[in-house]
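Report on one structure; see the data block that follows.
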Amino acid sequence: MAKDRGKYYITTPIYYPSSNLHIGHTYCTVMADAMARFKRLAGYDVMFLTGTDEHGQKIQKIADEAGLSPQAHVDKIVEGIIELWKTMEISYDDFIRTTEERHVKRVQEIFRRINAAGDIYKGAYEGWYCTPCESFWTDTQLVDGKCPDCGRPVEKAKEDAYFFRLSAYADRLLELFATNPGFLEPESRRNEMVAFINQGLEDLCISRSSFDWGIPVPGDEGQVIYVWLDALSNYITALGFPAVDGTDGEDEKYRKYWPADVHLVGKEIVRFHSIIWPAMLMSMNEPLPKQVLGHGWLLLDGGKMSKSKGNVVDPVKLIERYGVDALKYFLLREYTFGQDGLFTNEVLLNRLNADLANDLGNLLSRTTGMAEKFQGGAVYKPGTGDYGEPALDEAGSLVDSDLKSVAVSVAATVEAHMDVFAFNHALEEIWVLIRRSNKYIDETAPWALAKDPAAADRLNQVLYNLSEALRIVSILIYPFMHYSSAEIRRQLGLAGSQVAWADAQAFGICESYALTKGEALFPRIDVEAELEALEAEAAAAAAAAEAPAAEAAEAAPGKAEIEYDDFDKIDFKVGKIVEARRHPDADKLLIFQVKIGAETRQIISGVAGSFAPEDCVGRNVIVVMNLKARKLRGEESKGMLLFAEDGERLAFVTTDAPDGETVS
Ligand code: MSP
């Protein structure tokens, strides 16, 4: 491949920092990394973007539960994500966080531009809302009355909100799919999207007022921008677009790299990327991404991996046991792009043994071992050094030419597979060469040649051909397994030399090798013993997760011990409920007016299932005064009321003391 082939801009989704990432997230990032490394090696000027999607109700809720501010929560999780990518040496060029100033100000500008185009209006939104997915759904989209993405219950939600005129773009979107079939792959997803548009596109709610962890709508501080408009914009805000006051010129990267060559995304977010995102760009009159690629999910026996369900595979654990390259190889080789795949420890271990320990590991150790043993590690191009060109019989010529023709043809096939994101086929092709090389050892039997002094030239030639094959392998695997690539090159005596893709298509270009046998590249795994060990580890982790709670329960039933200072931070007072009514937009909530001495404040509690409003008025209750105020479905709640609970039934915690008195 020639150098300077132009630019290549690839992105992953930006991940929710709700908790640590699992192997499903790793899968997408590993694919993007392999592609970015491949394109760089092929001579492209690559921009590889990833990041985190940090706003929204779900993050706010998780942070609340953890007793942290949303910012402190996301800072902590994002640190772990960056650490994971560092361990895996993910070669991103930029990492965007949606809480960064560079993103926030540009999202507001994007809102302004879409508004200026006449595509935003204020209305009232009513729909079914799935909190974990942060998605609104219409009646027809629900599956058995539940969220079509995750199958969880949904709630009716209604509030003032801004809308994006998505419906106005239906025709242009249909035209996009019709005239540019490559825009969205695989084809099955394209058909789904066309059907979705044909059902009738509704305008999109792009703001919320019931929580505040988001980017304020410019000019309306009571509303925050709904996460998808915020999140999708990352692909251009990271490039410095749009230029906002005082940042003219900062969109240099945008002019260089936009439009994106590919947005790599999981299948459930294809809809956002291939319908909403293009419509936003159309509204701003900006070019569309060239391609959206939807990949499948990694599944566990019990279904989809999910952080909220707690059934996840931790990539860090696998890396600790088998190494980064083994994990990357497995993810790229085992699964077919676009399809779902089942993850099991057994499939993983068998794949690592067969392909890495046996095929690749053996080729390297046999070649370096024999070179050391028979020639002290020094191997020369035939006709140079101490060795001449041996005269070959027909069989010898045939096996040599077959090895060479396989070796030099793989790179082009790999390129063709990479063009369509067929990582598994690309690796399969590389393994054709690895297996051919192992067979070459059996066919040429170097150990027999070593016994015959007259065969010294042939022995050197065989070892040279094997070294060349390994050199080519080291280049071919570089995008997928760069540590192993470097280790093979070290053992061949090529440490520090430049890895160039064109060199994978030339056989016989190295004058000499200085081979050294190193540690096994991938030690063979005793599958049965390892499976037992993995199960034991999982059981221990589950026990450890329960242990702190159990210990605390033994020490004193209930929650963990706290210091007096912690308790003293809470300001309790007696309050009298003077008014109670149902929340107009939420079945579970009651809105109370509570008189606390001279002050009357509004407090909302999720107790509508247990009390009728009229049963509450007149009670003297305990109020937590200094709990941070928040909005619940558009209504402010300032403080909290205490209730007693026996698992099913709620009771007020009442007192005879008059309202306004301090409780301590
Ligand atoms: N924040 C949004 C994306 C915004 S992009 C502008 C989001 N985040 S996520 O953290 O929930 O998911 C990120 C990606 O991880 C998605 O593409 C999703 O498909 C992928 N995966 C999550 N679990 C997965 C598997 N079990 N298997 C494969 N990919 C999975 O959505």
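The values are calculated or read from the model by the stated rules, or taken from the named source; none is laboratory data. All values derive from a computational prediction rather than experimental measurement. Using ideal geometry, Cβ is built from the backbone for each residue, glycine included, and neighbour counts are taken over all protein chains shown. Side chains are part of the model used for accessible areas, which takes the heavy atoms of the whole protein and leaves out ligands, DNA and RNA. Shrake-Rupley method; radii C 1.70, N 1.55, O 1.52, S 1.80 Å.
Among residues of the stretch 275-297 being away from the ligand (no atom under 16 Å from the Cβ) and over 25 Å from residue 44 (Cα atoms), the one that is most open to solvent (accessible area, probe 1.4 Å) is 285.
Hey, among 101, 89, 109, which residue is free of Cβ contacts under 8 Å to residues at least 40 places away in the same chain and more than 12 Å from the ligand (Cβ to nearest atom)?
Of the residues listed, the single one that is free of Cβ contacts under 8 Å to residues at least 40 places away in the same chain and more than 12 Å from the ligand (Cβ to nearest atom) is 101.
Which condition does residue 326 not pass, out of (1) crowded, with 21+ Cβ neighbours inside 10 Å; (2) closer than 30 Å to residue 453 by Cβ, if it passes all the others? For residue 326, the failing item is (2). When you go through (1) surrounded by fewer than 24 Cβ atoms within 10 Å (Cβ to Cβ); (2) within 16 Å of the ligand (Cβ to nearest atom); (3) in contact (Cβ under 8 Å) with a residue 40 or more places away in the chain one by one for residue 82, which number turns out not to apply? Going through (1) surrounded by fewer than 24 Cβ atoms within 10 Å (Cβ to Cβ); (2) within 16 Å of the ligand (Cβ to nearest atom); (3) in contact (Cβ under 8 Å) with a residue 40 or more places away in the chain one by one, residue 82 breaks only (3).
Which of the following residues is within 19 Å of residue 218 (Cα to Cα) and not hydroxyl-bearing (Ser, Thr, Tyr): 94, 160, 144?
Details: 94 fails: within 19 Å of residue 218 (Cα to Cα); 144 fails: within 19 Å of residue 218 (Cα to Cα).
That would be 160, the only listed residue that is within 19 Å of residue 218 (Cα to Cα) and not hydroxyl-bearing (Ser, Thr, Tyr).
Per the listing 352, 364, 360, 332, the residue uniquely part of a helix (DSSP H, G or I), in contact with a helix residue (DSSP H, G or I) (Cβ under 7 Å, 6 or more places away or on another chain) and within 16 Å of the ligand (Cβ to nearest atom) is 332.
Of the residues making up the stretch 254-269, those that are more than 9 Å from the ligand (Cβ to nearest atom) and either surrounded by 18 or more Cβ atoms within 10 Å (Cβ to Cβ) or closer than 11 Å to residue 235 by Cα (or both) number 7.
Give me the residue from the stretch 489-528 that is part of a loop (DSSP other than H, G, I, E, B) and basic (Lys, Arg) and, out of that set, farthest from residue 418 (Cα to Cα). Step through it out loud before you land on a result.
Looking only at the stretch 489-528, we keep the residues that are part of a loop (DSSP other than H, G, I, E, B), and these are 493-500, 506-511, 515-526.
Next, from what is left, pick out any that are basic (Lys, Arg): 517, 524.
Details: 517: 32, 524: 29 Å.
Looking at residues that are part of a loop (DSSP other than H, G, I, E, B) and basic (Lys, Arg), I get 517.
Of all the criteria given as (1) within 27 Å of residue 334 (Cα to Cα); (2) acidic (Asp, Glu); (3) open to solvent by 40 Å² or more (accessible area, probe 1.4 Å), the one not satisfied by residue 33 is (3). Checking the stated criteria, residue 182 turns out not to satisfy the condition of being on the phi > 0 side of the Ramachandran plot and not assigned by TED's automatic domain parsing to the domain that holds residue 419.
Checked against (1) closer than 23 Å to residue 11 by Cβ; (2) within 10 Å of the ligand (Cβ to nearest atom); (3) open to solvent by 40 Å² or more (accessible area, probe 1.4 Å), residue 272 meets all criteria but (3). None of 428, 443, 468 is charged (D, E, K, R), in a helix (DSSP H, G or I), in the same structural domain as residue 359 (by TED's automatic domain parsing) and over 13 Å from residue 403 (Cα atoms) except 428.
The rows are residues; the columns are (1) of a type in the set (S, T, N, Q); (2) touching a residue at least 60 places away in the same chain (Cβ under 8 Å).
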residue: 180; (1), (2): yes, no
residue: 193; (1), (2): no, yes
residue: 206; (1), (2): no, yes
residue: 214; (1), (2): no, yes
residue: 233; (1), (2): yes, yes
residue: 237; (1), (2): yes, yes
residue: 266; (1), (2): no, yes
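Residues are listed down the side, and each one gets a yes or a no for (1) over 36 Å from the mean Cα position of the chain (by Cα); (2) in contact (Cβ under 8 Å) with a residue 60 or more places away in the chain; (3) assigned to a helix (DSSP H, G or I):
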site	(1), (2), (3)
399	yes, no, yes
403	yes, yes, yes
408	no, yes, yes
424	no, yes, yes
439	yes, no, yes
447	yes, yes, yes
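Within the stretch 460-470, can you find the residues that are open to solvent by less than 10 Å² (accessible area, probe 1.4 Å) and not small (Gly, Ala, Ser)? 460, 462, 463, 464, 465, 466, 468, 470, listed by residue number. Take the stretch 1-37 and flag every residue that is within 21 Å of residue 482 (Cα to Cα), assigned to a strand (DSSP E or B) and near the ligand (Cβ under 8 Å from one of its atoms). Within the stretch 1-37, 12 is the sole residue that qualifies. Among the conditions (1) at pLDDT 95 or above; (2) in a helix (DSSP H, G or I); (3) within 16 Å of the ligand (Cβ to nearest atom), the only one that residue 49 does not satisfy is (2). Here 487, 443, 468 are screened, and the one residue that is closer than 25 Å to residue 324 by Cα, touching a residue at least 12 places away in the same chain (Cβ under 8 Å) and out of contact with any strand residue (DSSP E or B) (no Cβ under 6 Å at 6 or more places or on another chain) is 487.
Looking at the stretch 214-241, which of the residues that are open to solvent by less than 40 Å² (accessible area, probe 1.4 Å), in a loop (DSSP other than H, G, I, E, B) and within 28 Å of residue 630 (Cα to Cα) is farthest from the ligand (Cβ to nearest atom)? Looking at the filtered set, the residue picked out is 218.
Per-residue answers, yes or no, for (1) at pLDDT 80 or above; (2) among the aliphatic types (A, V, I, L, M); (3) at negative phi; (4) crowded, with 16+ Cβ neighbours inside 10 Å:
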residue	(1), (2), (3), (4)
475	yes, yes, yes, yes
492	yes, yes, yes, yes
510	yes, no, yes, yes
517	yes, no, yes, yes
537	no, no, yes, no
548	no, no, yes, no
555	no, yes, yes, no
558	no, no, no, no
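Just checking, does the stretch 262-271 include any residue being outside any helix (DSSP H, G or I) and more than 22 Å from the chain's Cα centre (by Cα)? Among the residues of the stretch 262-271, not one is outside any helix (DSSP H, G or I) and more than 22 Å from the chain's Cα centre (by Cα), which makes the answer no. Taken together, the residues in the stretch 596-619 that are crowded, with 18+ Cβ neighbours inside 10 Å and in a strand (DSSP E or B) amount to 4.
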